[in-house]
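The values are calculated or read from the model by the stated rules, or taken from the named source; none is laboratory data. None of these values were measured; they are calculated from a predicted model. We place every Cβ from the backbone using ideal geometry, glycine too, and count neighbours over all the protein chains shown. Side chains included, ligands, DNA and RNA excluded: accessible areas come from the protein's heavy atoms. Shrake-Rupley method; radii C 1.70, N 1.55, O 1.52, S 1.80 Å.
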Amino acid sequence: IGDQIWMAQNLRVTHYRDGTAIPNLTVDGGWTSTSSGAYCYYDNDAGNGDTYGALYNWYAVDDSRDIAPEGWHVPTDDDWKELEMYLGMSQSEADDTSERGTNEGSKLAGNAALWDEGTLENDSEFGTSGFTALPGGYRYHSSGSYGYMGNFGWFWSATSEGSGFAWHRRLNCEWSNVYRSYDF
């Protein structure tokens, strides 16, 4: 897409690049109390991993053993901005936080059958970028519970923002734009 090459599917690795297993934390309390890399599947259902990929905490993304396969990397905040600007966002919009742009989120999303009904999939340019972002939901850092499959797609960047925070992107079935912020 533009001058970038993106993976054709969401990440679902269970080992770091060096072969070390990434812990699969299924218990809510384990997810909230760990300060190490971890992954899970939405609702602890491996079938969700087949469709949406795995959910990872920031510690797994930030681990020096690398979560991305050989030859790949987790996109930085700047990688995301480059993609968003290629799809039509201005530099000032890309640098902003919260909901930004016009319909770049609709362009990034794909597979309308998985998204809840809303503005995102009703945009005439839904799915036109070839990116195919899916609404895999997320796991709350504070409780370990799962939320919003079908409604949200959350994507980490490899760029930290202070101690314990990192930049991410979020697509929402109710918006056609892209949300940018940082979180735990």
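A few notes on this one:
- Candidates 50, 66, 77: the one that is over 16 Å from the mean Cα position of the chain (by Cα) and acidic (Asp, Glu) is 66.
- Subset of the range 91-117 [open to solvent by less than 70 Å² (accessible area, probe 1.4 Å), in a helix (DSSP H, G or I) and within 22 Å of residue 136 (Cα to Cα)]: 104, 105, 106, 107, 108, 112, 114
- Inter-residue pairs, beta-carbon under 7 Å, first over 16 Å from residue 170 (Cα atoms) and in the range 107-127, second outside any loop (DSSP other than H, G, I, E, B) and not hydrophobic (A, V, I, L, M, F, W, C), 6+ apart: 112/121; 123/106; 125/106; 125/107
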